[in-house]
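The values are calculated or read from the model by the stated rules, or taken from the named source; none is laboratory data. No experiment lies behind these values; they were computed from the predicted model shown. For neighbour counting, all protein chains shown are included, and Cβ atoms are generated from backbone atoms with ideal geometry for every residue, glycine included.
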């Protein structure tokens, strides 16, 4: 039986093979444990071989003309190596005094470290150079304490473009588990947590290197045994223009709101500002509890990017979309008129125009120019919400633009179906009238509005807003170029866009135009004001008497020059009241800075002096 | 029945396995006591408990009955392997586990058992020395499906263990020498081709095996540190819970893949050679059981189990002492990890089963 099931000779062969393998294992163990045992014992006891990580420098941010916006500066960090700090209480006491931090914190940090005991535990980042000198002098009496240089993030112009650039923060537990996005990151590492620092992390971080070093008994490096070079992160060239960005920030002053300047022919964002802003340099070495608290508890929420994360009623700036729908549906044309008598009855509601006596017979161009509500109420009766919503969505409203920044909001374009699903109610015609003038359920982000204006300016092409132009490696070789991306061609005829552009030109340049405060001699600006209601007022109260949080929002969207648009812009002032009074003048200042007297673009750079002044502040 | 089983059981095998398990718990405790107390040891004890229940059932139920379920078991494993790829969590770059409550199961560990049972079942009614080319193709497909799924995780180590099971069973079935020669040559020729399909970290491990200084921060470093640990143990070792290499966390995965380094450092040459003797006796005993098996099915299952254990021992110890590249293969009965303990104890159960039933007709 046995002889049939398996052959003895083959079993014997297997046994021989197995024995041979065991003999090889035995000989190798004999060699390393008996013959080389002494050598390895010394290696394990006296000389220690350790791994030291060499962090890769993070990539830079450059503006569209190659000006450096964010770089790295050296930061001196204090570490304790638990294995070498034999008398931890003594060392903690010494360090606590020098660095004015609590002795207990130091001890907890060291005790809580999950890393191997020979790996340094970070005690404090960015200590002043005088304290570095002190530690170097006293290093013999402080075994286990080391100071290492780490490149620290540094925004050269302080808070400039802070919402675009973002900030760094320590990696959190969840991100640590994500080895795909954050390969090789460890607890305590700083990674991009907001803005482009976050969304471009993969390009910026580079690849850490390291070296195997031999250290003596107190942990000092004796010699480098071998090493792997680090790969610096890539540099990011933005579409942001430092000149325009600083112009915008100076023009907007300390009001609350947002400004976005865009190149309407590419979707490139030349400036994006949300106010109040913050200084990313506060985050560079890990933000202090006090700084964090003051940012988070600030009632104006400086960490919120109002350009993309906040949604507001667009008010009268929405009238271009209502007009587009009417023109494209053939309900109105250039010469057709509606009569505005100051109020319109829709269903059971009476809707009022802002001008008590009404505007009389108005064409679409007049209606845009004077921002006549009556015209658009009557137009809305002939359109219905579904056509209006369809057009608004084709202009990119109601969904994210896809800009390369975290936490963008989609805003809302209401439809009958939406209302039935979320509120369980039917749609009323008066709500279509509200939507037609950008009130009611309609909400947008400033970024979406500047995209709408860009599309009107460039002949109906909706671009994806872009912040990054290209990526270069540390040797300045181009690694990746981001080409303009078209979201869609808006289904509207050029002749109809012309009518709308004509109306927008009139807003700024004709008598009775609501945006006349943006008018510049020699530059053809087209625009539209918007005053978005925050609450409905029962009786007439003077707006300035209202508490700030109930005041209307001020909008001004515009582009210039009309015939060959180079700039599209949205200015939004939160609770700024009238768009024509609060937002249009800011746009004027910005245009004056961007264009020279002949209406040509100017690109003079901020001087070094100015840079260094901000540098000191940052 | 029960008493006749107790009387006929191969107690030597049982004793060896128990010594290994106890020794394993001692070493896991040595490494984890400081940071995690008894948590890991208790978890491992739970796995051993479950494993022993499996061992007993694998011993009691006649292996002929077990082999009747070979194909359903095999397909169940295939489904599990696909599930892992579909929904398994990604842990350090690979998907190997399915979670059940607080415990994770690694289906690839059980794929080895399924492979053994399916191949043994397939060949049990073929005459020795009459294996046709079609047989090789069919069993080749049976091998390659789970192999590909495991490589996809990717888990090169476990995938590699499937090969010797296949080869050993074909060898014992009397397949002509020339086939092994051809396969060997083809294998060598295919190496450059396979190189392109390896993941970067796998390439690094092989490069650093050939030249440890090529990747001093990665696996090369680990192997150097492991060698230092084992070598510094000398003849008697540094003593239980006294290994400085281990204490200072120079060695990665100390209680899983690199537990042999802990043994080497703390128990010295005495400990490592002791382990080698235990493993050799285990393998020898398995071969003996194979040679005395009542029928071909029994012999083939026994050979498959031996091939699996031998591959694990060789690859794992070889890695720790720097004569094999780094692959994540656990040391049988020693490394921490539930699935491996379960499948290895099941394997021992099969060996005991075959040993007992050689007398029964």
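Give, as residue ranges, the helices (runs of 4 or more DSSP H) completely inside the stretch A:346-449 that count at least 3 residues that are farther than 23 Å from residue A:257 by Cβ and out of contact with any helix residue (DSSP H, G or I) (no Cβ under 6 Å at 6 or more places or on another chain). Quick ask: steps written out before the conclusion?
Numbers: elements: A:364-370, A:373-383, A:385-394, A:416-423, A:429-436.
Fully inside the stretch A:346-449 and qualifying: A:373-383, A:385-394, A:416-423, A:429-436.
Scan the stretch B:263-299 residue by residue and report those that are facing chain A (nearest Cβ under 8 Å), in a helix (DSSP H, G or I) and within 13 Å of residue B:350 (Cβ to Cβ).
If the condition is that a residue be facing chain A (nearest Cβ under 8 Å), in a helix (DSSP H, G or I) and within 13 Å of residue B:350 (Cβ to Cβ), then B:290, B:298, B:299 are the ones that fit.
Is it true that residue B:123 is modelled with pLDDT of 90 or more and out of contact with any helix residue (DSSP H, G or I) (no Cβ under 8 Å at 6 or more places or on another chain)?
Details: modelled with pLDDT of 90 or more: yes; out of contact with any helix residue (DSSP H, G or I) (no Cβ under 8 Å at 6 or more places or on another chain): no.
Against the criterion (modelled with pLDDT of 90 or more and out of contact with any helix residue (DSSP H, G or I) (no Cβ under 8 Å at 6 or more places or on another chain)), residue B:123 does not qualify.
Among B:309, B:276, which is the only one that is under 16 Å from the mean Cα position of the chain (by Cα), free of Cβ contacts under 8 Å to residues at least 60 places away in the same chain and within 18 Å of residue B:120 (Cα to Cα)?
On the way: B:276 fails: within 18 Å of residue B:120 (Cα to Cα).
None of the other options fit; the residue is B:309.
Taking residue B:255 and the conditions (1) in a helix (DSSP H, G or I); (2) in contact (Cβ under 8 Å) with a residue 24 or more places away in the chain; (3) under 17 Å from the mean Cα position of the chain (by Cα), which numbered condition does it fall short on, given that it satisfies the others?
Among (1) in a helix (DSSP H, G or I); (2) in contact (Cβ under 8 Å) with a residue 24 or more places away in the chain; (3) under 17 Å from the mean Cα position of the chain (by Cα), the lone unmet condition for residue B:255 is (1).
Evaluate the following for residue A:334: is it assigned to a strand (DSSP E or B) and either under 43 Å from the mean Cα position of the chain (by Cα) or in the same structural domain as residue A:435 (by TED's automatic domain parsing) (or both)?
On the way: assigned to a strand (DSSP E or B): no; either under 43 Å from the mean Cα position of the chain (by Cα) or in the same structural domain as residue A:435 (by TED's automatic domain parsing) (or both): yes.
When the stated conditions are applied, residue A:334 does not pass them.
Yes or no, residue by residue, for (1) at pLDDT 95 or above; (2) at the interface with chain B (Cβ under 10 Å from one of its Cβ atoms); (3) touching a strand residue (DSSP E or B) at 6+ places or on another chain (Cβ under 9 Å); (4) part of a loop (DSSP other than H, G, I, E, B):
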site: A:10; (1), (2), (3), (4): no, yes, no, no
site: A:14; (1), (2), (3), (4): no, yes, no, no
site: A:32; (1), (2), (3), (4): no, yes, no, no
site: A:41; (1), (2), (3), (4): no, yes, no, no
site: A:44; (1), (2), (3), (4): no, yes, no, no
site: A:51; (1), (2), (3), (4): no, yes, yes, no
site: A:57; (1), (2), (3), (4): no, no, yes, yes
site: A:66; (1), (2), (3), (4): no, no, yes, yes
site: A:74; (1), (2), (3), (4): no, no, yes, no
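In the stretch B:155-198, which residue that is part of a loop (DSSP other than H, G, I, E, B) and within 14 Å of chain A (Cβ to nearest Cβ) is surrounded by the most Cβ atoms within 10 Å (Cβ to Cβ)? Give the steps one after another, and end with the answer.
At the first step, the residues of the stretch B:155-198 found to be part of a loop (DSSP other than H, G, I, E, B) are B:155, B:173-176, B:196-198.
Then keep just the ones that are within 14 Å of chain A (Cβ to nearest Cβ); that gives B:173-176.
Numbers: B:173: 26, B:174: 17, B:175: 19, B:176: 11.
Step by step, filter the stretch B:155-198, then rank; the result is B:173.
Take the residues in the stretch B:95-117 that are surrounded by 13 or more Cβ atoms within 10 Å (Cβ to Cβ) and more than 20 Å from residue B:312 (Cα to Cα); name whichever of them is modelled with the lowest pLDDT. Please lay out each step first, then the result.
First, pick out the residues of the stretch B:95-117 that are surrounded by 13 or more Cβ atoms within 10 Å (Cβ to Cβ): B:95-98, B:103-117.
Narrowing further to those that are more than 20 Å from residue B:312 (Cα to Cα): B:95, B:98, B:103-104.
Details: B:95: 76, B:98: 80, B:103: 73, B:104: 78.
Filtering first and then ranking leaves B:103.
Taking residue A:131 as meeting all but one of (1) farther than 25 Å from residue A:302 by Cα; (2) modelled with pLDDT of 85 or more; (3) assigned to a loop (DSSP other than H, G, I, E, B), write down the number of the exception.
Only one criterion is unmet by residue A:131, namely (3).
Output the residues belonging to the stretch A:335-359 that are under 20 Å from residue A:499 (Cβ atoms) and in contact with a strand residue (DSSP E or B) (Cβ under 8 Å, 6 or more places away or on another chain).
A:337, A:338, A:339, A:340, A:359
Identify the residue in the stretch A:94-107 that is more than 11 Å from residue A:142 (Cβ to Cβ) and out of contact with any strand residue (DSSP E or B) (no Cβ under 8 Å at 6 or more places or on another chain) and, among all such residues, is nearest to the other protein chains (Cβ to nearest Cβ).
If we filter the stretch A:94-107 for residues that are more than 11 Å from residue A:142 (Cβ to Cβ), which is where we start, we get A:96-97, A:99-107.
When the remaining residues are screened for being out of contact with any strand residue (DSSP E or B) (no Cβ under 8 Å at 6 or more places or on another chain), the result is A:96-97, A:100, A:102-105, A:107.
Numbers: A:96: 26, A:97: 29, A:100: 32, A:102: 25, A:103: 24, A:104: 22, A:105: 21, A:107: 17 Å.
Ranking the candidates gives A:107 first.
Looking only at the stretch A:18-30, which residues are more than 7 Å from chain B (Cβ to nearest Cβ) and in contact with a helix residue (DSSP H, G or I) (Cβ under 9 Å, 6 or more places away or on another chain)? Give the derivation first.
First, pick out the residues of the stretch A:18-30 that are more than 7 Å from chain B (Cβ to nearest Cβ): A:19-20, A:23-24, A:27, A:30.
Matches in the stretch A:18-30: A:19, A:24, A:30.
Going by the conditions given, is residue A:98 assigned by TED's automatic domain parsing to the domain that holds residue A:139 and either crowded, with 18+ Cβ neighbours inside 10 Å or farther than 30 Å from residue B:243 by Cβ (or both)? Lay out the reasoning, then the answer.
Numbers: assigned by TED's automatic domain parsing to the domain that holds residue A:139: yes; either crowded, with 18+ Cβ neighbours inside 10 Å or farther than 30 Å from residue B:243 by Cβ (or both): yes.
Criteria met by residue A:98.
Of all residues in the stretch A:103-117, which are loosely packed, with under 13 Cβ neighbours inside 10 Å and either part of a helix (DSSP H, G or I) or modelled with pLDDT of 85 or more (or both)? Spell out how you get there, then give the answer.
Within the stretch A:103-117, the subset loosely packed, with under 13 Cβ neighbours inside 10 Å is A:104, A:108, A:111-112, A:114.
A:104, A:108, A:111, A:112 - these are the residues of the stretch A:103-117 that are loosely packed, with under 13 Cβ neighbours inside 10 Å and either part of a helix (DSSP H, G or I) or modelled with pLDDT of 85 or more (or both).
Out of the residues in the stretch B:339-361 that are over 23 Å from residue B:170 (Cα atoms) and over 15 Å from the mean Cα position of the chain (by Cα), state the one that is surrounded by the fewest Cβ atoms within 10 Å (Cβ to Cβ).
Taking the stretch B:339-361 as the starting set, the residues that turn out to be over 23 Å from residue B:170 (Cα atoms) are B:339-342, B:345, B:356-357, B:359-361.
From what is left, the residues that are over 15 Å from the mean Cα position of the chain (by Cα) are B:356-357, B:359-361.
On the way: B:356: 22, B:357: 19, B:359: 11, B:360: 11, B:361: 5.
Only one residue tops the list, namely B:361.
In the stretch B:206-233, how many residues are at pLDDT 70 or above and surrounded by 21 or more Cβ atoms within 10 Å (Cβ to Cβ)?
12
Considering only the stretch A:229-319, give the strands (runs of 3 or more DSSP E) lying wholly within it that have at least 1 residues that are under 21 Å from residue A:582 (Cβ atoms) and in contact with a helix residue (DSSP H, G or I) (Cβ under 6 Å, 6 or more places away or on another chain). Please lay out each step first, then the result.
Details: elements: A:235-238, A:257-263, A:268-275.
Filter on the stretch A:229-319 gives A:257-263, A:268-275.
Identify, by number, the condition in (1) more than 30 Å from residue B:244 (Cα to Cα); (2) surrounded by 17 or more Cβ atoms within 10 Å (Cβ to Cβ) that residue A:68 doesn't meet.
(2) is the only condition that residue A:68 fails.
Pick from A:371, A:380: which is without any contact (Cβ under 8 Å) to a residue 60 or more places away in the chain and under 37 Å from the mean Cα position of the chain (by Cα)? Walk me through it before giving the result.
On the way: A:371 fails: without any contact (Cβ under 8 Å) to a residue 60 or more places away in the chain.
Selected residue: A:380, the only one of A:371, A:380 that is without any contact (Cβ under 8 Å) to a residue 60 or more places away in the chain and under 37 Å from the mean Cα position of the chain (by Cα).
Considering each residue of the stretch B:68-91, count those that are within 14 Å of another protein chain (Cβ to nearest Cβ) and within 21 Å of the chain's Cα centre (by Cα), and give that number. Break it down into steps so the answer makes sense when it comes.
Looking only at the stretch B:68-91, we keep the residues that are within 14 Å of another protein chain (Cβ to nearest Cβ), and these are B:89-91.
Okay, now just the ones that are also within 21 Å of the chain's Cα centre (by Cα), so B:91.
Number satisfying all stated conditions: 1.
Results for (1) modelled with pLDDT of 90 or more; (2) closer than 28 Å to residue A:326 by Cα; (3) surrounded by 14 or more Cβ atoms within 10 Å (Cβ to Cβ); (4) under 19 Å from the mean Cα position of the chain (by Cα), shown as yes or no for each residue.
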residue: A:387; (1), (2), (3), (4): yes, yes, yes, no
residue: A:427; (1), (2), (3), (4): yes, yes, yes, no
residue: A:463; (1), (2), (3), (4): yes, yes, yes, yes
residue: A:481; (1), (2), (3), (4): yes, no, no, no
residue: A:490; (1), (2), (3), (4): yes, yes, yes, no
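Residue A:511 is checked against (1) surrounded by fewer than 23 Cβ atoms within 10 Å (Cβ to Cβ); (2) modelled with pLDDT of 90 or more; (3) under 23 Å from residue A:366 (Cβ atoms); (4) out of contact with any helix residue (DSSP H, G or I) (no Cβ under 7 Å at 6 or more places or on another chain) and fails just one. What number does that condition carry?
For residue A:511, the failing item is (2).
For a quick check of your reading: which helices (runs of 4 or more DSSP H) sit entirely within the stretch A:155-225 and have at least 2 residues that are within 13 Å of chain B (Cβ to nearest Cβ)? Don't jump to the end; show me each part of the working.
Working: elements: A:162-165, A:173-177, A:195-199, A:201-204.
The helices (runs of 4 or more DSSP H) meeting that bar are A:173-177.
Answer yes or no: is there a residue in the stretch B:326-338 that is free of Cβ contacts under 8 Å to residues at least 12 places away in the same chain and either crowded, with 24+ Cβ neighbours inside 10 Å or outside any loop (DSSP other than H, G, I, E, B) (or both).
Keep residues of the stretch B:326-338 that are free of Cβ contacts under 8 Å to residues at least 12 places away in the same chain, which gives none.
Checked the stretch B:326-338: no residue is free of Cβ contacts under 8 Å to residues at least 12 places away in the same chain and either crowded, with 24+ Cβ neighbours inside 10 Å or outside any loop (DSSP other than H, G, I, E, B) (or both).
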